[in-house]
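A short write-up of the structure that comes next.
Every number here is computed from the coordinates shown, using simple stated rules; none is lab data. As the structure is a computational prediction, the values presented were derived from the model and not from experiment. All Cβ positions, even for glycine, are placed from backbone atoms using ideal geometry, and neighbour counts span all protein chains on display.
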Amino acid sequence: MGLPRAGLWLKRLWVLLQVALQVAVGKVLLTLFPDRVKQHIVAMNQKNPHFSYDNWVPTLYSTQYFWFVLKVHWQ
C-alpha cells in the first residue's frame, strides 16, 4: 500500500521541479530580454481585447504565479 503513495509523491516532486525550472527560465528571460518577451506575449494574446501587457507583466513568473501553476499541475 505504501508504494502508490510514494509514486504520487515522486510525480508531485517531478512536477514541482518542472514548474520551478519553467518559472526560473521565464524570470531570467524576462530580465535579460524584456522587449523580446513583450513581443512574444503580446503576439500570443492579440485576440484578447482585455489583455493589457502592463497589467500582466508584474504577475508573470512571480511567486504567486509559481504557486498557481503548481496547484493547477498537481490537480
Exercise. May I ask you to list, by number, the DSSP H helices of the chain whose Cα span along the axis is at least 20 Å and whose average Kyte-Doolittle hydropathy reaches -0.5 or more?
Key: 2-32
Quiz item: One-quarter of the Cα convex hull surface for the chain, in nm²?
Solution: 5.9
Quiz item: Separation of segment 2-33 and segment 35-75 by C-alpha centroid, Å?
Solution: 18
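Kindly provide the helix-only [θ] at 222 nm of the chain, computed as the sum of -39,500 (n - 2.57) over DSSP H runs of four or more divided by all residues, to the nearest 500 deg cm²/dmol? Don't skip to the answer; put the middle values down first.
Numbers: 4 runs with 58 residues, N = 75.
One gets -25000 deg cm²/dmol as the mean residue ellipticity at 222 nm.
Can you work out the FRET efficiency for the pair residue 32 and residue 54, with r the C-beta to C-beta distance and R0 = 30 Å, to the nearest 0.05? Spell out each step's value before the answer.
Values: r = 20 Å, r/R0 = 0.66.
FRET efficiency, residue 32 to residue 54: 0.90.
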Quiz item: Once the other residues with Cβ under 12 Å from the Cβ of residue 30 are scored (Lys, Arg +1; Asp, Glu -1), what is the net sum?
Solution: +2
Quiz prompt | Which of 58, 7, 42, positive extreme of dipole for the chain (C-beta unit charges) | solution = 7
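On a full-extension model of 0.36 nm per residue, what is the gain between residue 43 and residue 14, subtracting their alpha-carbon distance, rounded to one decimal in nm?
Numbers: separation 29, 0.36 × 29 = 10.44 nm, distance 3.05 nm.
So the extension gain works out to 7.4 nm.
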Quiz prompt | Qualifying trypsin sites (Lys or Arg not before Pro) in segment 1-67, DSSP loop, other Cβ atoms within 10 Å at most 10 | solution = 47
Quiz item: Roughly how many debye, to the nearest 20, is the charge dipole of the chain about its Cα centre, given +1 on each Lys and Arg Cβ, -1 on each Asp and Glu Cβ, and no other charges?
Solution: 280
